[in-house]
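Enquirer: Handing you a structure now.
The values are calculated or read from the model by the stated rules, or taken from the named source; none is laboratory data. Computed from a predicted model, the values in this text were never measured in an experiment. Note that each Cβ is placed from the backbone with ideal geometry, even for glycine, and that neighbours are counted across all protein chains shown.
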Amino acid sequence: MHTARRCGLVGGATALASIDPRRSDMVALLAESSGGYALRAMRRNLRCQERRILRRRPVIRNECASINLAALATLPPSTFGHAYAQFMRHYQLDANSRSPVRHCDGAGYAYAMQRYRETHDFIHVACGLPPTVVGELALKWVEVAQTSLPMCALSSLGGSCLSSLTQTQRSRLLLRYIPWAARTARSAVFLPGVQWERWLEVDIATMRSKLGIEAAPG
């Protein structure tokens with residue numbers, strides 16, 4: 001991609017994603033246009049942690065039998081799959097809504113970004129974070145520590161300062177969620193590299209223990 005165009009995309013996407021971290025379209029554009037070195041590291045992490053992901057390149061879509069929400073909702077309430085189904089239905093989210101990767105050079109890097117994007121809702125559930133402004137910012141702090149994606153750094157830093165948070169929300173983010181994010185990023189496995197589909201029938205507390213995830217506060 002031409003350097004001037006890339007800079008323009010990064011600048012515009014950064015401004016909009018900082019104002020509203022729930023703008024998934026701008027967050028996605030920022031991630032693709034500013035990834036570079038971080039994408040290479042993400043691909044290496046995927047290869048080291050779960051080689052089958054890069055070999056098989058699974059996708060997370062509504063048509064995948066493993067994430068049928070109606071079936072997952074019948075699992076015991078303590079399971080990760082049940083929690084995921086409840087999360088998607090409660091917040092009226094759609095696994096097919098994640099936009100395709102358009103600005104990454106190379107199929108391997110594009111898939112690493114696509115996998116990162118498609119697992120986002122799974123990680124929300126695993127961490128116990130709602131898709132609110134505070135929840136999205138808290139997750140971005142985990143992601144910046146684990147992926148080093150410039151997008152995560154820009155949106156987490158900018159969003160913490162520029163988004164429409166109340167003083168109470170900003171204090172909660174700074175005093176509770178960012179320290180939690182730092183602990184979780186250190187203790188957890190590389191979260192985009194988890195094959196979440198294999199954990200759907202597992203008790204969510206057991207899954208968190210095995211993956212080193214501390215549930216978010218509050």
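Enquirer: Please tell me if residue 53 is within 22 Å of residue 127 (Cα to Cα), modelled with pLDDT of 80 or more and surrounded by 14 or more Cβ atoms within 10 Å (Cβ to Cβ).
Expert: So residue 53 does not fit the description; no.
Enquirer: Moving on. Output the residues belonging to segment 162-180 that are without any contact (Cβ under 8 Å) to a residue 40 or more places away in the chain, crowded, with 16+ Cβ neighbours inside 10 Å and either in contact with a Cys (Cβ under 9 Å, 6 or more places away or on another chain) or not aliphatic (A, V, I, L, M) (or both).
Expert: Scanning segment 162-180 gives a single hit, 169.
Enquirer: I would also like to ask the following. Please find, within segment 181-206, the residue that is surrounded by the most Cβ atoms within 10 Å (Cβ to Cβ) out of those that are β-branched (Val, Ile, Thr) and within 20 Å of residue 112 (Cβ to Cβ).
Expert: The first filter runs over segment 181-206 and keeps only residues β-branched (Val, Ile, Thr), leaving 184, 189, 194, 202, 204, 206.
Now drop any that are not within 20 Å of residue 112 (Cβ to Cβ), which leaves 189, 194.
Numbers: 189: 15, 194: 21.
Among residues in segment 181-206 that are β-branched (Val, Ile, Thr) and within 20 Å of residue 112 (Cβ to Cβ), the one surrounded by the most Cβ atoms within 10 Å (Cβ to Cβ) is 194.
Enquirer: Is segment 79-95 home to any residue that is closer than 16 Å to residue 191 by Cα and at pLDDT below 95?
Expert: Checked against the condition, which is being closer than 16 Å to residue 191 by Cα and at pLDDT below 95, segment 79-95 yields no hits at all.
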